[in-house]
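*Asks:* Have a look at this one.
The values are calculated or read from the model by the stated rules, or taken from the named source; none is laboratory data. Just so it is clear, the model here is predicted, and its values are computed rather than measured. All Cβ positions, glycine included, derive from the backbone under ideal geometry; neighbour counts span all protein chains shown. Heads up: the accessible areas ignore ligands, DNA and RNA and are worked out on the full protein's heavy atoms, side chains in. Shrake-Rupley method; radii C 1.70, N 1.55, O 1.52, S 1.80 Å.
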Amino acid sequence: MFKKMVFSALSVAVFSAVLTSPIQATSVGERKEHSSISARWSSDEEWIRKSAPVPAGWVVIREDLGSKLIKNTAGAPYGTELRVSKYSPVPAGWVVLRDEVAGRVIKYVIGASYRTEFNVTKFSPIPTGWVVSRENYDSKTIMNVVGAPYGTVLLVSKYSPVPPGWVYEGQVAAGMYIKNLNR
């Protein structure tokens, strides 16, 4: 009986330490004030309180009882995909490839070559230098126009952003024409 009580007390202590470890890590992370933003891509994860704001450039990987695990996206190589929480912020340069039941998949697209296309969700952010080439009911196709030759004219969706250095040329039923004036 004494062994059972010691074992039970020990397992409760271990279990409570596991449950509280994310919260304890939060106080350490707050003292650092997220100084690891410039740290390497592969090791930047921290637990923070659930009510704490997510710093710019970080995403929410997982949420537990009173905390959330965040990951720094700085330094990610082109094409990196991450599975993030449903309500995670999407950093600049990232797009939402698909929504899933428990979250969504985002992809880093900075560094793509000219005319690279991705099919993204309807409400995905569009990175600077990208246009919406086609739209469907629940998705859109985006295309990178960085590196387009001077004078290139493209037909894009009516609601596409016009990248810096490009000008509006005219509109047709299928969309609008934009022209590259970057040299």
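*Asks:* Residues to consider are Tyr168, Tyr159; find the one that is open to solvent by 60 Å² or more (accessible area, probe 1.4 Å), in contact (Cβ under 8 Å) with a residue 12 or more places away in the chain and aromatic (Phe, Trp, Tyr). Working first, answer last.
*Replies:* Numbers: Tyr168 fails: in contact (Cβ under 8 Å) with a residue 12 or more places away in the chain.
Checking each option against the conditions leaves just Tyr159.
*Asks:* Same structure, new question: Quick one: count up the residues across segment 137-156 that are open to solvent by less than 50 Å² (accessible area, probe 1.4 Å), β-branched (Val, Ile, Thr) and outside any loop (DSSP other than H, G, I, E, B).
*Replies:* Of all residues in segment 137-156, those open to solvent by less than 50 Å² (accessible area, probe 1.4 Å) come to 139-145, 148, 151-152, 154, 156.
Now narrow it down to the ones that are β-branched (Val, Ile, Thr): 141-142, 145, 152, 156.
Among the residues that remain, those that are also outside any loop (DSSP other than H, G, I, E, B) are: 141-142, 156.
So the count comes out to 3.
*Asks:* Something else now. Counting just the residues of segment 98-117 that are over 15 Å from the mean Cα position of the chain (by Cα) and under 23 Å from Ala74 (Cα atoms), which one comes out surrounded by the fewest Cβ atoms within 10 Å (Cβ to Cβ)?
*Replies:* Filtering first and then ranking leaves Ser113.
*Asks:* Taking segment 78-97, which residues are in a strand (DSSP E or B) and surrounded by fewer than 14 Cβ atoms within 10 Å (Cβ to Cβ)?
*Replies:* Of all residues in segment 78-97, those in a strand (DSSP E or B) come to 81-85, 94-97.
The answer is Glu81, and nothing else.
*Asks:* Please indicate, with yes or no, whether at least one residue in segment 30-42 is at pLDDT 50 or above and not in a loop (DSSP other than H, G, I, E, B).
*Replies:* Of the residues in segment 30-42, the ones at pLDDT 50 or above are 40-42.
Then drop every residue that is not not in a loop (DSSP other than H, G, I, E, B), which leaves 41-42.
Yes; the residues of segment 30-42 include at least one that is at pLDDT 50 or above and not in a loop (DSSP other than H, G, I, E, B).
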